[in-house]
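The values are calculated or read from the model by the stated rules, or taken from the named source; none is laboratory data. Predicted, not measured: the structure shown is a model, and the values here were computed from it. As a convention, Cβ positions derive from the backbone with ideal geometry for all residues, glycine included, and neighbour counts pool all protein chains shown. SASA here: full protein model, heavy atoms, side chains in, ligands and nucleic acids out. Shrake-Rupley method; radii C 1.70, N 1.55, O 1.52, S 1.80 Å.
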Amino acid sequence: MATKDKGVRYWLFKTEPDVYSIDQLQKEKTCYWEGIRNYQARNSLRDDAKPGDHVFIYHSNAKTDDGKPAIGIVGIAEVCKAGYPDHTALDPKSKYYDPKSKADNPTWYMVDVKFVRKLNRLISLQELKSNPALEKMLVVQAGSRLSIQPVQSNEWQTVLNMEKNTPK
DNA sequence: GCCAACGTTGGC
DNA sequence: GCCAACGTTGGC
């Protein structure tokens, strides 16, 4: 199924800005999206994410410098390399090391992404939740812990339209 | 810091 | 294969 699908896909990648932020991605321009250790997310990276796919970068567990919540979508990236084995799983010195993953049969996969742009403003989780058009979006679901989420094209467009508005 | 929701592990 | 215990995620 995955290989027959044409056209660009949309994703939402979560990151904790204390670990890796949109600003770091902007500085580095491209990066490995490493350390995904969840099977469902792994399947998306290994099987479905393709170069050219659009990605919302989402900051979880995020606060501003003065301690206010800053959880939400902060920018846009693009997949620039399709799924390949996550070598950090094979490195005993890495905090993402997984002794069960083997070089000849890797458990975990990553993709490369490149920076596209920061959004003009944070689209907060609260704001996403308050938009009825996004009620099916995975990130607003209670208890949604998936760190690599597919996004529907209409959801993608809705968020971009929200960027133009002043937040309530 | 709390804790609910979720995923994984391991005994049986 | 069930399910209790445990660890993690992530909003609040």
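Observations, loosely collected:
- Single unsatisfied condition, A:Lys27 versus (1) surrounded by fewer than 20 Cβ atoms within 10 Å (Cβ to Cβ); (2) touching a residue at least 12 places away in the same chain (Cβ under 8 Å); (3) part of a helix (DSSP H, G or I); (4) among the basic types (Lys, Arg): (2)
- Inter-residue pairs, beta-carbon under 9 Å, first over 21 Å from A:Tyr109 (Cα atoms) and among the acidic types (Asp, Glu) and in the stretch A:133-160, second open to solvent by 30 Å² or more (accessible area, probe 1.4 Å) and away from DNA strand B (no atom under 16 Å from the Cβ), 6+ apart: A:Glu155/A:Tyr10; A:Glu155/A:Ala133
- Hey, A:Asp47 touching a residue at least 40 places away in the same chain (Cβ under 8 Å), open to solvent by 30 Å² or more (accessible area, probe 1.4 Å) and either closer than 19 Å to A:Asp65 by Cβ or assigned to a loop (DSSP other than H, G, I, E, B) (or both) or not: no
- Odd one out for A:Val19 among (1) aliphatic (A, V, I, L, M); (2) within 16 Å of DNA strand C (Cβ to nearest atom); (3) at pLDDT 95 or above: (3)
- Selected residue (only one of A:Ser130, A:Ser144, A:Ser94 is closer than 25 Å to A:Asn61 by Cα, within 16 Å of DNA strand C (Cβ to nearest atom) and touching an Asp or Glu at 6+ places or on another chain (Cβ under 9 Å)): A:Ser94
Per-residue answers, yes or no, for (1) at pLDDT 95 or above; (2) surrounded by 17 or more Cβ atoms within 10 Å (Cβ to Cβ):
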site	(1), (2)
A:Lys100	no, no
A:Met110	yes, yes
A:Phe115	yes, yes
A:Lys118	yes, no
A:Leu122	yes, yes
A:Gln141	no, no
A:Arg145	no, no
A:Ile148	yes, yes
A:Val151	yes, yes
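- Selection status of A:Tyr84, among the aromatic types (Phe, Trp, Tyr), over 28 Å from A:Asn161 (Cβ atoms) and either open to solvent by less than 80 Å² (accessible area, probe 1.4 Å) or touching a residue at least 60 places away in the same chain (Cβ under 8 Å) (or both): yes
- Any hit, the stretch A:137-154, residues being under 18 Å from A:Gln24 (Cβ atoms) and more than 16 Å from DNA strand B (Cβ to nearest atom): no
- Some residue of the stretch A:98-105 being within 16 Å of DNA strand B (Cβ to nearest atom) and in contact with a helix residue (DSSP H, G or I) (Cβ under 6 Å, 6 or more places away or on another chain): yes
- Any hit, the stretch A:9-16, residues being of a type in the set (Asp, Glu), in contact (Cβ under 8 Å) with a residue 60 or more places away in the chain and open to solvent by 40 Å² or more (accessible area, probe 1.4 Å): no
- Selection of the stretch A:50-76 for residues being more than 20 Å from A:Ser21 (Cβ to Cβ) and either open to solvent by 20 Å² or more (accessible area, probe 1.4 Å) or within 14 Å of DNA strand B (Cβ to nearest atom) (or both) yields A:Lys50, A:Pro51, A:Gly52.
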